[in-house]
Amino acid sequence: MNKIERSPLQVWQDHLRAEELAYQFSPDANKAVFYPRLVCPHGGKAPLEWRISAGRGTVYSISRVYPIKGESYPVALIDLDEGFRMMSTVEGATGEPEEIGRRVRVTFRAVAGEADKLPPPLPVFVWEDA
């Protein structure tokens, strides 16, 4: 196997810094792959190709998290149009079952931190019809 210059996580974070929702694609399996990995989970072959998602999808499942401290927030599984599913949040969501099946689009939100140690922005979703 060839030496890896950068981990899949590093590549994905670089795309986030460019405000791109990247995912991998397996030409052998003809399937999208997400979360970032070294080899295809469908057949174990490498390499995987990097592609950029249009960032549009459908809410597959949604709920609310009620932490001990802090405010509650929605958590959703989003089926992206390119064929992969990811967990994120939907701004303005209530977490009610009626929101399942609604269309969303990605946006990016900065994360607070020290200027020299800022993590990449987080992909979050907003209602497409809002």
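Can you find a residue that is assigned to a strand (DSSP E or B) and either of a type in the set (A, V, I, L, M) or more than 26 Å from Asp129 (Cα to Cα) (or both) anywhere in segment 3-15? Scanning segment 3-15, I find no residue that is assigned to a strand (DSSP E or B) and either of a type in the set (A, V, I, L, M) or more than 26 Å from Asp129 (Cα to Cα) (or both), so the answer is no. Per this entry, Phe25 is counted among residues that are surrounded by 15 or more Cβ atoms within 10 Å (Cβ to Cβ), at pLDDT 95 or above, on the phi < 0 side of the Ramachandran plot and not assigned by TED's automatic domain parsing to the domain that holds Trp127. Among residues that are within 26 Å of Asp129 (Cα to Cα), in contact with a Ser or Thr (Cβ under 8 Å, 6 or more places away or on another chain) and either surrounded by fewer than 12 Cβ atoms within 10 Å (Cβ to Cβ) or of a type in the set (S, T, N, Q) (or both), Gly43 is not included.
Just one of the numbered conditions (1) among the small types (Gly, Ala, Ser); (2) more than 17 Å from the chain's Cα centre (by Cα); (3) surrounded by 14 or more Cβ atoms within 10 Å (Cβ to Cβ) is not true of Ala76: (2). Exactly one residue out of Ile52, Ile68 is of a type in the set (Val, Ile, Thr) and surrounded by 12 or more Cβ atoms within 10 Å (Cβ to Cβ): that is Ile52.
Quick check on Ile100: is it in the same structural domain as Trp127 (by TED's automatic domain parsing) and in contact with a Gly (Cβ under 7 Å, 6 or more places away or on another chain)? Taking the combined requirement at face value, the residue does not satisfy it.
The values are calculated or read from the model by the stated rules, or taken from the named source; none is laboratory data. All values reported here derive from a predicted model rather than from experimental measurement. Using ideal geometry, Cβ is built from the backbone for each residue, glycine included, and neighbour counts are taken over all protein chains shown.
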